[in-house]
Amino acid sequence: MDIDLTPKLAKQVYGGDGGSYHAWCPNELPMLKEGNIGAGKLALTKNGFALPRYSDSAKVAYVLQGSGVAGIVLPEKDEKVVAIKKGDSIALPFGVVTWWYNKEDPELVVLFLGDTKTAHKAGSFTDMYLTGSNGIFTGFSTEFVSRAWDVEESVAKTLVSSQTAKGIVKLDAGFQMPEPKQANRDGMVLNCEEAPLDVDIKGGGRVVVLNTKNLPLVGEVGTGADLVRLNGSAMCSPGFSCDSAFQVTYIVRGSGRVQVVGPDGKCILETHLKPGNLFIVPRFCVVSKIADPDGMDWFSIITTPNPKFTNLAGKVSPWKSLSPQVLQASFKVAPEVEKHFSSKRTAEENNPPENKEEKLGTEKLEKVMAALRCLECDYPLIDSDFRNFCASHNIISVEDFLLHDLYVLVISTEQHHNSERLKEGITQVLTIINKQHQPWVDGQELLDDALQNKRFLPTGCRRFAYKLLQLLQKAGAKSFSWTLEILSLQNVWLKLSLKHQIFLPMRSTFLAF
């Protein structure tokens with residue numbers, strides 16, 4: 001691939017006392033034009049005000065620094081004034097009018113990334129201002145403006161010519177801007193630093209994905225996004241977008257190394273990343289990053305609203321699914337080499353420094369867990385869609401269901417178009433567990449068994465265990481249709497069991513249900 005992928009810093013386009021606007025130029029970063037992607041950055045000082053404007057492109061805004069207020073007017077909708085702060089993501093569909101204001105120190109910095117397929121110029125945003133020296137109405141005659149706004153020509157002339165600044169102004173300290181409403185954030189803003197984590201790898205890193213589920217307006221923008229926070233010296237394993245999307249990455253904090261490999265197996269980018277760098281991974285190219293000791297954070301957009309990735313390492317990589325014979329033949333290695341390779345497949349997409357105690361526990365656990373994919377032949381409901389849904393909740397095996405709040409799991413299916421089939425799949429797995437582990441006649445036998453084996457329980461867990469068992473005794477355990485209260489207690493108990501490494505005789509474990 002001949003195109004230059006070298007990360008670049010933004011350059012100032014215009015500015016003044018109130019702040020400045022910076023952008024990445026397609027001439028210096030050719031992948032912007034190649035991928036029809038725009039990137040810009042707004043920086044407002046104290047009392048800085050970015051004048052109302054609309055853009056030729058849909059965007060995702062991400063607050064890199066500071067706090068402030070944004071005004072958002074969707075087509076044919078009322079203005080929504082929202083408070084914004086570091087970590088906030090805002091989806092800005094095509095045709096939206098926005099303004100931005102920073103009341104306090106420090107500087108408010110907002111990153112804009114988006115698709116420019118509808119843009120005036122490929123690879124760059126063009127903003128059209130409603131006011132200011134370059135405002136749209138400065139090009140109309142006074143007669144046209146007065147008739148359009150239904151005001152006298154003298155008033156029209158005053159309105160058009162009074163604001164002589166371009167794009168950004170500094171307001172007087174006492175000027176009162178509209179106050180934001182907390183309710184306006186709902187459905188408009190998602191704080192990626194506070195949102196539930198989509199990936200949380202101990203010692204590795206954390207990921208929050210921005211998509212149509214947690215911010216519906218992303219669907220109108222046409223791009224998904226994510227915030228990745230990689231711990232020191234951790235690795236984001238090699239992967240690529242399997243739905244032909246471009247990945248645009250901005251380094252928010254820290255530093256690290258990146259390598260990108262093209263479809264022909266040749267490295268097309270190997271460099272060191274620092275804050276402010278922007279680079280673009282072409283379609284079907286594989287990218288991997290390793291953070292420096294201080295860690296590295298980045299914000300990315302992917303040119304599809306619900307991106308799909310294929311990882312080439314970790315628990316969801318194809319290496320774990322391919323049979324040993326295929327691996328041995330493909331690598332052309334001896335069986336012992338293939339076995340060593342397979343034994344090293346980790347359980348995380350991010351690869352933190354090895355923890356031998358955790359690894360040993362994982363290996364023991366894997367020996368007793370039945371992977372869901374092994375059940376598809378006998379149970380068609382447990383297909384790839386169902387397994388992907390389970391994987392999004394960190395459910396890989398049948399037994400994993402017992403570590404989750406099944407009520408919450410069922411509710412979460414409503415966010416999917418095939419929710420009924422997913423619910424049927426959940427029922428199927430519960431039926432499998434019920435058949436494999438027959439219940440006691442009632443809860444009394446379970447209670448007696450636990451009391452006889454109470455030496456296996458840590459003191460801090462006994463009171464909780466007895467409360468649960470007494471509830472089971474009262475409710476009976478004649479079928480697998482537990483009450484939600486029992487399920488909730490069971491989930492907490494199992495998590496406590498794993499945390500404190502409680503090992504009970506089989507007849508005392510809840511796997512016996």
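The values are calculated or read from the model by the stated rules, or taken from the named source; none is laboratory data. This is a predicted model, so every value here is computed, not measured. FYI the Cβ positions are ideal-geometry reconstructions off the backbone, even for glycines, and counts take in every protein chain you see. Surface areas here come from the heavy atoms of the whole protein model, side chains and all, with no ligands, DNA or RNA. Shrake-Rupley method; radii C 1.70, N 1.55, O 1.52, S 1.80 Å.
Taking the range 266-289, which residues are part of a loop (DSSP other than H, G, I, E, B) and either touching a Cys at 6+ places or on another chain (Cβ under 9 Å) or surrounded by fewer than 21 Cβ atoms within 10 Å (Cβ to Cβ) (or both)?
LYS266, LYS274, PRO275, GLY276, ASN277, ARG283, PHE284, CYS285
Among the residues of the range 104-115, what is the count of those that are at pLDDT below 95 and assigned to a loop (DSSP other than H, G, I, E, B)?
Here the count works out to 3.
When you go through (1) touching a Ser or Thr at 6+ places or on another chain (Cβ under 6 Å); (2) open to solvent by 10 Å² or more (accessible area, probe 1.4 Å) one by one for SER57, which number turns out not to apply?
Against the list (1) touching a Ser or Thr at 6+ places or on another chain (Cβ under 6 Å); (2) open to solvent by 10 Å² or more (accessible area, probe 1.4 Å), SER57 comes up short only on (2).
Of the residues that make up the range 211-226, is at least one in a loop (DSSP other than H, G, I, E, B), aliphatic (A, V, I, L, M) and open to solvent by 30 Å² or more (accessible area, probe 1.4 Å)?
At the first step, the residues of the range 211-226 found to be in a loop (DSSP other than H, G, I, E, B) are 211-217, 222-223.
Among the residues that remain, those that are also aliphatic (A, V, I, L, M) are: 215, 217.
Of the ones still in play, those that are also open to solvent by 30 Å² or more (accessible area, probe 1.4 Å) are none.
Looking through the range 211-226, none of the residues is in a loop (DSSP other than H, G, I, E, B), aliphatic (A, V, I, L, M) and open to solvent by 30 Å² or more (accessible area, probe 1.4 Å).
Quick one: LEU113 ticks every box in (1) in contact with a Phe, Trp or Tyr (Cβ under 8 Å, 6 or more places away or on another chain); (2) open to solvent by 50 Å² or more (accessible area, probe 1.4 Å); (3) not β-branched (Val, Ile, Thr) except a single one, so which number is it?
Of everything listed in (1) in contact with a Phe, Trp or Tyr (Cβ under 8 Å, 6 or more places away or on another chain); (2) open to solvent by 50 Å² or more (accessible area, probe 1.4 Å); (3) not β-branched (Val, Ile, Thr), LEU113 misses just condition (2).
Anything in the range 182-199 that is without any contact (Cβ under 8 Å) to a residue 60 or more places away in the chain and surrounded by 15 or more Cβ atoms within 10 Å (Cβ to Cβ)? List them, or say none.
ALA195
Confirm whether THR118 is in contact (Cβ under 8 Å) with a residue 12 or more places away in the chain and surrounded by fewer than 18 Cβ atoms within 10 Å (Cβ to Cβ).
Working: in contact (Cβ under 8 Å) with a residue 12 or more places away in the chain: yes; surrounded by fewer than 18 Cβ atoms within 10 Å (Cβ to Cβ): yes.
Judged against the criteria, THR118 is a match.
Can you give me the number of residues within the range 122-181 that are part of a loop (DSSP other than H, G, I, E, B), among the basic types (Lys, Arg) and buried (at least 16 other Cβ atoms within 10 Å of the Cβ)?
1
Just a yes or no: is a residue in the range 28-35 buried (at least 16 other Cβ atoms within 10 Å of the Cβ) and closer than 23 Å to PRO180 by Cα? Please lay out each step first, then the result.
First, pick out the residues of the range 28-35 that are buried (at least 16 other Cβ atoms within 10 Å of the Cβ): 29-35.
If we keep only those that are closer than 23 Å to PRO180 by Cα too, we end up with none.
Scanning the range 28-35 turns up no residue that is buried (at least 16 other Cβ atoms within 10 Å of the Cβ) and closer than 23 Å to PRO180 by Cα.
Quick one: in the range 314-356, which of the residues that are modelled with pLDDT under 75 and closer than 30 Å to ASP115 by Cα is surrounded by the most Cβ atoms within 10 Å (Cβ to Cβ)?
Of the range 314-356, the ones modelled with pLDDT under 75 are 314-316, 344-356.
If we keep only those that are closer than 30 Å to ASP115 by Cα as well, we get 316, 349-350.
Values: VAL316: 20, GLU349: 21, ASN350: 26.
Residue satisfying both the conditions and the ranking: ASN350.
With the requirement that a residue be among the charged types (D, E, K, R) and outside any loop (DSSP other than H, G, I, E, B), what does the range 237-265 give you?
ARG253, ARG257
Out of the range 81-104, which residues are farther than 23 Å from ALA173 by Cα and open to solvent by 30 Å² or more (accessible area, probe 1.4 Å)?
PHE94, GLY95, VAL97, listed by residue number.
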